[in-house]
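Undergrad: Shown below is the structure under consideration.
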Amino acid sequence: MLQLFRELMRMAFQSIRSQALRTALTISIIGIGIWALVGIFGAINAIQNSLLESFSSMGANTFSISRFDSETRLSSNKQIINPIITYHQAQDFMNNLDVPGARTSISFVGTGSAEVSFENKKTEPEVNVIGINENYLINSGLELENGRNLSSFDVQNNNNVCLIGADLAKSLFSTTDPINKTINVRGKRLTVVGILKSKGGSFFGNKDFNLLIPINLARGIYTNANINYDISVYVADNQLLEAGMDQAIYTMRNIRNRTPRDANNFGVRKSDEFLRMLQENTIALRIAGIAISVITILGSSIALMNIMLVSVSERTREIGVRKSLGAKRRHIFQQFFIETLTISLLGCLLGIALGIATTMVFAKLFDFSAVIPWAAIIAAIGIAILTALLAGTYPAKKASALDPVESLRYE
């Protein structure tokens with residue numbers, strides 16, 4: 001049996017080589033469809049994995065108060081105009097929120113294009129300067145690699161201290177310990193008191209190039225009148241999370257002078273809400289991937305069936321010779337079906353290789369963690385086998401049913 005299978009495989013590859021151009025085109029058709037399927041699902045998985053890493057570190061007990069809700073952020077609805085959250089509103093919120101064990105963080109982005117220097121070294125203008133209070137690190141899921149966190153004393157007294165990201169530390173201090181060294185940003189001399197653990201790239205940018213400074217110090221450096229402040233709240237007891245969010249909404253509505261008839265002019269979301277919304281929005285992409293798979297099955301099945309029917313016609317005399325020498329109908333059927341399955345699987349392998357390569361390139365370009373879409377790869381193999389079944393059964397049956405005498409007369 002094994003010897004027969006080897007012989008059938010050898011004959012299949014001989015036939016494939018004899019029809020190199022037609023076979024290559026068919027393999028390409030199958031490969032392109034599989035490539036799109038694996039590539040789309042690989043990119044989606046890379047984005048979701050990046051978001052999951054970002055939010056899992058923050059924990060399930062965190063929620064935030066922001067200018068817009070998640071739906072407005074994602075839809076970019078310009079008709080909804082919410083006023084910014086000012087520093088005084090953020091401070092009032094922190095002082096008036098009455099939730100047991102709650103920890104409130106206030107922050108704002110001063111700039112995303114700062115130059116930072118140390119002695120004769122200078123970074124590119126790509127450093128994010130963020131003003132924070134003492135709770136920002138814990139609420140954001142960031143950890144220290146070395147040094148200490150900013151204290152409430154640093155925040156209240158505008159101390160010239162800072163925390164730096166891992167990549168920023170490598171850029172400025174390749175051979176020196178950054179702790180207690182003085183860096184310069186926008187004319188301010190800041191003492192480095194802590195280095196953050198590397199977080200890598202994510203859907204929200206590279207946090208390893210962040211420079212974190214006390215929020216009041218940042219307000220003195222970046223004096224734009226329209227600065228919007230972000231608020232994050234951590235609730236120690238998960239059972240109190242929903243009640244804490246209700247209390248936060250009530251507190252913020254009072255601060256923003258909303259009447260019972262007025263809708264909220266701010267957004268409240270849990271730390272994992274963006275991930276949930278992204279999963280909902282990627283359904284369309286997944287449906288597109290499935291649609292491409294269906295088109296692949298139909299298109300490649302037609303192309304593959306035509307090739308095999310032409311092959312049957314061209315090899316009619318060969319089939320007659322084989323039958324006259326004792327080959328049975330099942331042997332002829334197996335030969336042609338194995339040829340079809342081989343072509344389909346070669347196209348599948350081509351598509352999987354291109355899809356994985358596309359996933360890797362996408363992850364590299366956007367600094368995401370690459371995720372091999374195993375489910376899509378398994379589906380691709382299933383598609384290849386289904387394509388072979390659809391395209392190979394009829395030609396193989398036609399070949400096996402040929403009359404040996406009439407086949408030998410065929411010209």
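Undergrad: Compute the length gained on full extension between residue 198 and residue 115: take 0.36 nm times their separation in residues and subtract their Cα-Cα distance, giving the result in nm to one decimal.
TA: Values: separation 83, 0.36 × 83 = 29.88 nm, distance 2.01 nm.
So the extension gain works out to 27.9 nm.
Undergrad: How far, in nm, would the chain grow between residue 254 and residue 191 when pulled straight, counting 0.36 nm per residue and subtracting the alpha carbon separation?
TA: Working it through step by step, the gained length comes to 18.8 nm.
Undergrad: Within the chain, which whole H helices from DSSP have a Cα span along their axis of at least 30 Å and a mean Kyte-Doolittle hydropathy of 1.0 or more, if any? It would help to have the intermediate numbers written out before the result.
TA: Working: long enough: 20-58 (55 Å, 1.26); 283-314 (46 Å, 1.81); 329-365 (54 Å, 1.16); 374-400 (37 Å, 1.31).
Helix filter hits for the chain: 20-58, 283-314, 329-365, 374-400.
Undergrad: Hey, can you rank 132-143, 294-305, 315-326 by average C-beta count inside 10 Å, highest first? List each step's numbers first, then the result.
TA: On the way: 132-143: 20.9, 294-305: 19.1, 315-326: 16.0.
Ranking, from highest mean packing down: 132-143, 294-305, 315-326.
Undergrad: Hey, rough spin-label estimate for residue 146 and residue 309, points 7 angstrom out along Cα→Cβ, what's it come to in nanometres?
TA: 7.2
Undergrad: With charges only on Cβ, +1 for K and R and -1 for D and E, what is the dipole size of the chain about its Cα centre, in debye, rounded to 20? Provide the component values of the computation, followed by the final result.
TA: On the way: 39 positive and 32 negative charges, 289 e Å.
Using Cβ point charges on Lys, Arg, Asp and Glu, the chain gives about 1380 debye.
Undergrad: What FRET efficiency comes out for residue 170 versus residue 295 if R0 is 35 angstrom and r is the Cβ-Cβ distance? Round to the nearest 0.05.
TA: On the way: r = 47 Å, r/R0 = 1.34.
With a Förster radius of 35 Å, E is 0.15.
Undergrad: Still on this structure: How high is the FRET efficiency from residue 330 to residue 365, r the C-beta distance, R0 56 Å, rounded to 0.05?
TA: Details: r = 51 Å, r/R0 = 0.92.
Plugging the Cβ-Cβ distance into 1/(1 + (r/R0)^6) gives 0.65.
Undergrad: Sticking with this one: Please tell me which of these pairs span more than 20 angstrom C-alpha to C-alpha: 170/199; 323/397; 121/364?
TA: In this structure, 121/364 lie more than 20 Å apart at Cα.
Undergrad: What ranking do 287, 85, 34, 29 get, fewest neighbouring Cβ atoms within 10 angstrom at the top? Let's see the in-between values first.
TA: Numbers: 287 10, 85 25, 34 31, 29 20.
Ranking 287, 85, 34, 29 by Cβ neighbours within 10 Å, fewest first, gives 287, 29, 85, 34.
Undergrad: Put +1 on the Cβ of every Lys and Arg and -1 on every Asp and Glu Cβ in the chain; which of 370, 161, 176 then has its Cα farthest towards the positive end of the dipole?
TA: Farthest towards the positive end: 370.
Undergrad: Would you please state the base-10 log of I(q)/I(0) at q = 0.08, 0.12, 0.13 1/Å for the chain, with intensities from the Debye formula using one equal scatterer on every alpha carbon?
TA: Values, matching the q order: -0.63, -0.96, -1.06.
Undergrad: Subtracting the Cα-Cα distance from 0.36 nm times the residue separation, let me have the gained length for residue 226 to residue 381 in nm, one decimal.
TA: Details: separation 155, 0.36 × 155 = 55.80 nm, distance 5.46 nm.
Full extension of this stretch gives 50.3 nm more.
Undergrad: Pop a pseudo-label 7 angstrom from the Cα along the beta-carbon direction at both residue 243 and residue 18 and give the gap in nm to one decimal.
TA: About 8.1 nm separates the two model spin labels.
Undergrad: Also, quick follow-up: Could you work out [θ]222 nm for the chain from helices alone, using -39500 (n - 2.57) per DSSP H run of at least four and dividing by all its residues? Round to the nearest 500 deg cm²/dmol. Let's see the in-between values first.
TA: Values: 15 runs with 230 residues, N = 411.
Result for the chain: -18500 deg cm²/dmol, rounded to the nearest 500.
Every number in this text was worked out from the coordinates using simple rules, so none of it is lab data. Note that this is a predicted model, so its numbers are computed, not measured. FYI the Cβ positions are ideal-geometry reconstructions off the backbone, even for glycines, and counts take in every protein chain you see.
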